[in-house]
Amino acid sequence: MVLFLLVCMLFSTVAWSKTVLDEIRARGELVVGSDAAYPPFEFVDKDGNIVGIDIDIAKAIADHLKVKLRVVNTSFDGIIPALLAKKFDMIISAMTITPERAKQVDFSIPYYNAGQLITVREDDNRIKSEKDLQGKIVAVQLGTTGQFYAESLPGIKEIRKFETVDGAFLELKNGRVDAVIADDLTSLAFVRSTKGLKVINKLLTKEQYGIAVRKEDKALLREINIVIARLKKEGVIEKLREKWASW
């Protein structure tokens, strides 16, 4: 009986020690959460595929783990709760590393340096810096550092929050807001693809993107960091930026 109990305890310990990395390898699939409305980092192409800088990085991580990749398109505002609810294994979604987010998740080493830019209509010469946003209506994507930065500015008349960043830029194009605050590369992508818009060429913040995992998933995080370090050392991140810059 004692031997039987010891064997049961041993198997119980083994079962409890199984990590998400073990589960990923067992199922043969890395499941990633991403808000696929944030070009050029993640967006849906004309064939209905989710593509972009972040997706290529996620593929490199999946290849490193020798598994397939599956991307779950998830609203950015709900993406951390979905990770914590185990809807996917990690988040890669142009997510800025912040102290508040780090209370809920663990972040990888940074893989991209970013910042916020103001975008306005091309014929609007009233706004030349963040100080000129006083009394103006500003659009942002819900839950982003663009929203947080806008909320820190005094005197803005109204901040309109959108589920997706393209909704914010559409509102600007249609003349219903005065400006959009969003990440630099995404702002530049929308200006290139949308007639009548321009960016104010002043970076408002200095930020870094990271991949988020649940706090207990240390083994997965170690593997992610190995891949990011290699991609940065080999210049792959910069090549991906150039690859997707013409979106």
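Any read-out appearing in this document is the output of simple, stated calculations on the displayed coordinates, not a laboratory observation. All of these numbers come straight from a predicted model, not from anything done at the bench. Note: ideal-geometry Cβ built from the backbone for every residue, glycine included; neighbour counts use all protein chains shown.
For residue 71, the shell of other residues with beta-carbons less than 13 Å away shows a net charge of -3, using +1 for Lys and Arg and -1 for Asp and Glu.
Dipole check for the chain: with +1 at the C-beta of Lys and Arg, -1 at the C-beta of Asp and Glu, and the Cα centre as origin, the magnitude is about 220 Debye.
A straight line joining the Cα centroids of segment 148-179 and segment 76-119 runs 21 Å. For the chain, the C-alpha radius of gyration sits at 1.16 times the compact-globule guess of 2.2 N^0.38 Å, with N the residue count.
A cut-off under 13 angstrom between Cβ atoms defines the neighbours of residue 132, and their net charge, with Lys, Arg +1 and Asp, Glu -1, is +3.
Just to confirm a number: summing +1 for Lys and Arg and -1 for Asp and Glu over residues other than residue 228 whose beta-carbon lies under 12 angstrom from that of residue 228, what do you get? Charge balance near residue 228 sits at +1.
Which pairs in the list 157/206; 46/157; 86/136; 87/128; 46/198 are over 31 Å apart, alpha-carbon to alpha-carbon? Don't jump to the answer; show the numbers that get you there.
Working: 157/206 25 Å; 46/157 37 Å; 86/136 40 Å; 87/128 42 Å; 46/198 25 Å.
The pairs that break the limit, which is 31 Å between Cα atoms, are 46/157; 86/136; 87/128.
The phi-based Karplus calculation (6.51 cos²θ - 1.76 cosθ + 1.60; θ = phi - 60°) puts the 3J(HN,Hα) values of segment 54-65 at 4, 5, 5, 5, 4, 4, 5, 5, 4, 4, 4, 7 Hz, whole numbers, x for Gly and Pro.
What the phi angles of segment 29-35 give under the Karplus curve with 6.51, -1.76 and 1.60, with θ = phi - 60°, is a coupling list of 8, 9, 9, 10, x, 7, 8 Hz, glycine and proline written as x. Ordering 40, 139, 167 by the projection of their Cα atoms onto the charge dipole of the chain, which places +1 on the Cβ of Lys and Arg and -1 on the Cβ of Asp and Glu, puts 40 at the extreme positive end. In a simple Cβ point-charge model (Lys, Arg +1; Asp, Glu -1; nothing else charged), segment 116-205 has a dipole of about 240 debye relative to its Cα centre. When Rg and the Kirkwood radius Rh are both evaluated on Cα atoms of segment 116-205, their ratio Rg/Rh stands at 0.90. In whole percents, the pair-distance distribution calculated for segment 29-108 from its alpha-carbon pairs, binned every 5 Å from zero, is 3, 16, 26, 26, 20, 7, 2, 0. The length gained by stretching the chain between residue 232 and residue 157 to full extension, at 0.36 nm per residue less their Cα-Cα distance, is 22.9 nm.
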